Amino acid sequence: MSLFRQKVINSILTDRFGPVVAKVGTFLLQNETNPFLFIKRGTDLTVSLVKDSLCILIKYGLVTFKPNKNEKLANYSINSDNVLLMLRYPKYLHHIKKLFGDESEMIIEEILQRGYWTGSEVILKVIQRRPQIKSRSQPLSDIKENLCCLITAKYLQRVPYSVEDAAVPSLIVSEDCASDLNKIDIKLLISHQKDKSVQLSDQNIYWTVNFDRFHQDMRDEIVVKAFTKKFGENAGSIIKLFLRQMYIRTNPWAEVCNPVPALEIKDILKKQASQSLALAFFDQYLSTMEQDNSNLLRKGGEASGGLYQLYLKEAFTQFTWELVEHIVLEKHDSKAARIFRLVKSQPYIEPDQIQQLAMIPAKEAKRLSYRLYEDKFLHIQELKKASSNNGPVKNYTLFHIHLESVASMLLEMCYKTLYNHISRRHFERQQSKRIIDKKHRVDTILMGMQAQGAAEEQLSDIEELLTPSEEEVLKKIDRVMKKLNIVELEVDDTIFMLNMYLIYVS
């Protein structure tokens, strides 16, 4: 694991769980499998602290364990990918809010905060957070319906749990969600609201977030946006339907989807009044996308109006090429980007050919080529050819690009950028710690006085404890934090793109 990836993971664990849990998590990163006593000795923490830290990490799915060879001790290992996913939680919540609404967003948020939770407890918590829901005729039934939608769409998955073995097994998607959901009794929930001693009927049925389902949506969104940008919104709508029908007949992470009949897509468009233009020019859009040089959508047969396949591995390979070209352009200049595209167009190319074909002065072309080589965007292959009569050996230098190595290098660059932004956020908070703490104290006092029904004059007096200069500093900190958070999300978009490519080529 790279150095900056470890630093990012350590920063995330420190932010979310504190330094003690972060110390245990960082130790697990440095060793693949660790028994309990080895963790205690390596972290120099007490037995109770190590136990508590491991329990927290296991609860959130960040640490797994399995028996060692003699099956008497457990070996613990950390899932670094799940730790990094914690930076993506705001995206998951925004996605659910866009698809299902505010109440479904709250359901996902509550489960993310706890790792896993029962359906009944989630429903009661959402009701507690949204008092206006109580004005509805059947508020509990409405929240239960939202929970059912999330489980049916596989954004939530069942966690098998057995009290007897006192362990949390691996997460799997429940095959019979209906029977599990039927155990959520609305009458019992109403009774529990009045009397907390009433036992809930689904107390041993836990649900957790299925991150893989979110990543499928994020991947599909990238593909749809690419087609929309190149061919228009109607083409993007058609590709979105192809992806939706792909799930019926293909593994979600297959490199190439099974053939989808064009008539099937056309029938769906007929039922959607908003897609009249896409329906009217459906054949033309399919023909244009099929004949495009990208070859992302290809015809696989003539039955049912034509059978079409999406090549997802090829799609993310092309997306990654475009991403790398854009980074080269931004980091260097247009001439360097021209050299990169020239080397990309040929398997191997000599330096003299670069100078001739790129139409750049020889000295500058050589400088830019080796600058790209130093930054690991280009790679060199040396060939040796012996001259006749035992003369000196002549070396030939050929430039080429190994995209997988470039993607791995850029991934490390993203982790470095991410760590720098997290460090800057910590620095900004530390610099203004006194004012931020004062703001929190004032807010706490205001909330307490509002709960007691204090007068407006008393509340305004408390608000005036913050001076105008301090309020200005707080506004500045808020602007800086928002910018840093936006940058972190944008860097995460690049990480997701590169990870998708590496998943498909691995």
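Listed by chain and number, the aspartates and glutamates whose alpha-carbon sits under 18 Å from that of K394, ignoring those within fewer than 8 places in the same chain, are E350, D352, E382. Per-residue accessible area (protein heavy atoms, 1.4 Å probe) orders S11, S460 as S460, S11, starting from the largest. Taking all protein chains together and rolling a 1.4 Å probe, T397 ends up with roughly 40 Å² accessible.
Positive end of the dipole of segment 60-143 (Cβ unit charges, origin at the Cα centre): among S80, N70, I96, the Cα lying farthest that way belongs to N70.
What value in Å³ per residue do you get for the convex hull of the alpha-carbon atoms in segment 392-488? Intermediate values should be presented prior to the final figure.
Values: hull volume 14.6 nm³, N = 97.
In segment 392-488, the Cα hull volume divided by residue count equals 151 Å³.
Separation of segment 1-80 from segment 244-287 is 46 Å, based on Cα centroids. Extending 7 Å from the Cα toward the beta-carbon at both E255 and E145 defines two label points whose distance is 4.5 nm.
Across the chain, the relative contact order, built from alpha-carbon pairs under 8 Å that are at least six residues apart, equals 10 percent.
For K394, K125, give the ranking by accessible area with the largest first, probe 1.4 Å. Before the final figure, lay out each step's value.
Details: K394 115, K125 55 Å².
Solvent-accessible surface, decreasing: K394, K125.
Relative contact order of segment 29-150: 20 percent, from C-alpha pairs under 8 Å at least 6 residues apart in sequence. Here the 3J(HN,Hα) profile of segment 335-343, calculated from phi with Karplus coefficients 6.51, -1.76 and 1.60 at θ = phi - 60°, is 5, 5, 5, 5, 5, 4, 5, 5, 5 Hz, Gly and Pro shown as x.
Within the chain, the longest run free of GluC sites (Glu not before Pro) that sit in a DSSP loop with at most 16 other Cβ atoms within 10 Å is 303-463.
Taking the Kirkwood radius as Rh and the Cα radius of gyration as Rg, the chain has a ratio of Rg/Rh equal to 1.03. Placing +1 on the Cβ of every Lys and Arg and -1 on the Cβ of every Asp and Glu, with nothing else charged, gives segment 202-273 a dipole about its Cα centre of roughly 360 debye.
What is the Cα centroid distance between segment 397-476 and segment 315-385, reported in whole angstrom? Here the two parts' Cα centres lie 40 Å apart.
What is the percent carbon and sulfur in the accessible area of the chain, measuring with a 1.4 Å probe over the protein chains and ignoring ligands? The partial results should precede the final answer.
On the way: 14320 of 28080 Å².
For the chain, the apolar C and S fraction of the accessible surface comes to 51 percent.
Would you check the accessible area of R298, probe 1.4 Å, heavy atoms only, in square angstrom rounded to 10? R298 has an accessible surface of roughly 80 Å² with all protein chains in place.
Using only side-chain charges placed at the Cβ, +1 for Lys and Arg and -1 for Asp and Glu, the dipole size of segment 73-118 relative to its Cα centre rounds to 160 debye. Once the dipole of segment 208-354 is set up with Lys and Arg at +1 and Asp and Glu at -1 on Cβ about the Cα centre, which of P347, F242, V324 lies farthest towards its positive end? Checking the options against the dipole of segment 208-354, the answer is F242. Residue farthest toward the positive end of the dipole of the chain, with Cβ of Lys/Arg at +1 and Asp/Glu at -1: which of M409, S53, T444? After comparing all options, I get M409. Accessible surface area normalised per residue over the chain is 55 Å², counting heavy atoms of protein chains with a 1.4 Å rolling probe. Cross-link pairs exceeding 32 Å in C-alpha to C-alpha distance, out of K299/K335; K313/K416; K7/K476; K98/K230, comprise K299/K335.
Placing +1 on the Cβ of every Lys and Arg and -1 on the Cβ of every Asp and Glu, with nothing else charged, gives the chain a dipole about its Cα centre of roughly 1020 debye. Adding -39500 (n - 2.57) for every DSSP H run of four residues or longer, then dividing by how many residues the chain holds, sets the calculated 222 nm ellipticity at -20500 deg cm²/dmol.
The values are calculated or read from the model by the stated rules, or taken from the named source; none is laboratory data. Here the structure is a predicted model, which means the values were calculated and not measured. Every residue, glycine as well, gets a Cβ built from its backbone with ideal geometry; the counts of neighbours run over all protein chains shown. Quick note on the areas: whole protein, heavy atoms, side chains included, nothing else; ligands and nucleic acids left out. Shrake-Rupley method; radii C 1.70, N 1.55, O 1.52, S 1.80 Å.
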